Amino acid sequence: MKALAMKALTMALPACGLTIAFPASGACAPAHAQPAPLAPASAFSTIGDPHARSVAMFVEAAKVITSPRCMNCHPASRQPTQGDDLHPHVPPMDGGKSGRGAPGLPCTSCHGGANTSTLGSSIASIPGNRRWGLAPADMAWQGKSLAEICTQLKDRARNGGRSLAQIHEHMATDRLVGWAWHPGEGRAPAPGTQARFGALIQAWIATGAQCPPR
């Protein structure tokens, strides 16, 4: 019965997911075996000024932070987006106060505990994680500069009360963050790896957690 329901869902909802990338032809985007490049923290060791080195490492880490795999879950409103172009979620959704959907239509209506392959012709898989949902409203990133995003990350009033050490732990080890590198068939993963991203964040913090100029 569940398999039949999933088949009906994927046939009826051609874009039921937060991060679905569609090519111009309308067919499923091919799976990407390797993430885009992300420089290691050691690549910035030749920058003598710690402030400039810190900024440079944040800018590199921001390749992940501003990738569609992350941006779609950090929307400007409580409505998630999807695809590499951050288009509105289909069907229309609202994250609600919890970030996991409005009463009567939770994110779990489509998203399970893991990525799920589909039988549909326009989507290869539905993304999933046990904690699938939107980032807190205070952590909306879409439409903001790197300087603004950086400031948000460091502001405990807007980052869930996390210290810089906890920010590092969250980005380096959280499995929901890690989904960005394992987004399921039909989506390009975030650049690099979670380990390399976490190392960049740690090095950024160690050099003063400096933000790009506004």
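The values are calculated or read from the model by the stated rules, or taken from the named source; none is laboratory data. The structure presented is a predicted model; accordingly, all values stated were derived computationally and were not measured. Virtual Cβ from ideal backbone geometry, glycine too; neighbours counted across all protein chains shown. What goes into the accessible areas is simple: the full protein's heavy atoms, side chains included, and nothing from ligands, DNA or RNA. Shrake-Rupley method; radii C 1.70, N 1.55, O 1.52, S 1.80 Å.
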Next item on the list: Output the residues belonging to segment 54-76 that are out of contact with any Pro (no Cβ under 7 Å at 6 or more places or on another chain) and either free of Cβ contacts under 8 Å to residues at least 40 places away in the same chain or open to solvent by 50 Å² or more (accessible area, probe 1.4 Å) (or both).
Entry: 56, 66, 76
Note to self: Residue under question is residue 199, and the condition is that it be buried (at least 18 other Cβ atoms within 10 Å of the Cβ) and either modelled with pLDDT under 95 or not acidic (Asp, Glu) (or both); does it hold?
What the structure shows: yes
Checklist line | Meets criteria (at pLDDT below 95, part of a loop (DSSP other than H, G, I, E, B) and either under 30 Å from residue 204 (Cα atoms) or open to solvent by less than 60 Å² (accessible area, probe 1.4 Å) (or both)) for residue 85 | finding: yes
Check: Here is a list of conditions, (1) part of a loop (DSSP other than H, G, I, E, B); (2) open to solvent by 30 Å² or more (accessible area, probe 1.4 Å); (3) farther than 30 Å from residue 120 by Cβ; (4) touching a residue at least 12 places away in the same chain (Cβ under 8 Å), and residue 142 meets all of them except one; can you say which number that is?
Finding: (3)
Note to self: Taking the conditions exactly as written (at pLDDT 95 or above, part of a helix (DSSP H, G or I), open to solvent by 50 Å² or more (accessible area, probe 1.4 Å) and over 17 Å from residue 200 (Cα atoms)), does residue 169 satisfy them or not?
What the structure shows: no
Check: Among the residues of segment 110-132, is there at least one that is in contact (Cβ under 8 Å) with a residue 24 or more places away in the chain, on the phi > 0 side of the Ramachandran plot and either outside any loop (DSSP other than H, G, I, E, B) or open to solvent by 80 Å² or more (accessible area, probe 1.4 Å) (or both)?
Finding: no
Check: Restricting attention to segment 160-214, and to residues there that are in contact with a Gly (Cβ under 7 Å, 6 or more places away or on another chain) and aliphatic (A, V, I, L, M), which single residue is farthest from residue 144 (Cα to Cα)?
Finding: 172
Next item on the list: Scan segment 157-175 and report the pairs whose first residue is more than 19 Å from residue 130 (Cβ to Cβ) and whose second residue is open to solvent by less than 30 Å² (accessible area, probe 1.4 Å) and not in a helix (DSSP H, G or I), with Cβ atoms within less than 8 Å and a gap of 6+ or a chain change.
Entry: 164/209; 167/159
Note to self: Testing residue 149 on (1) open to solvent by 60 Å² or more (accessible area, probe 1.4 Å); (2) in contact (Cβ under 8 Å) with a residue 40 or more places away in the chain; (3) in a helix (DSSP H, G or I), one condition comes back false. Which one is that?
What the structure shows: (1)
Note to self: Going residue by residue through segment 172-180, is there one that turns out to be small (Gly, Ala, Ser) and open to solvent by less than 20 Å² (accessible area, probe 1.4 Å)?
What the structure shows: yes
Notebook entry, point to check: Any idea how many residues of segment 55-82 are of a type in the set (Gly, Ala, Ser) and either in a loop (DSSP other than H, G, I, E, B) or over 27 Å from residue 167 (Cβ atoms) (or both)?
Noted result: 3
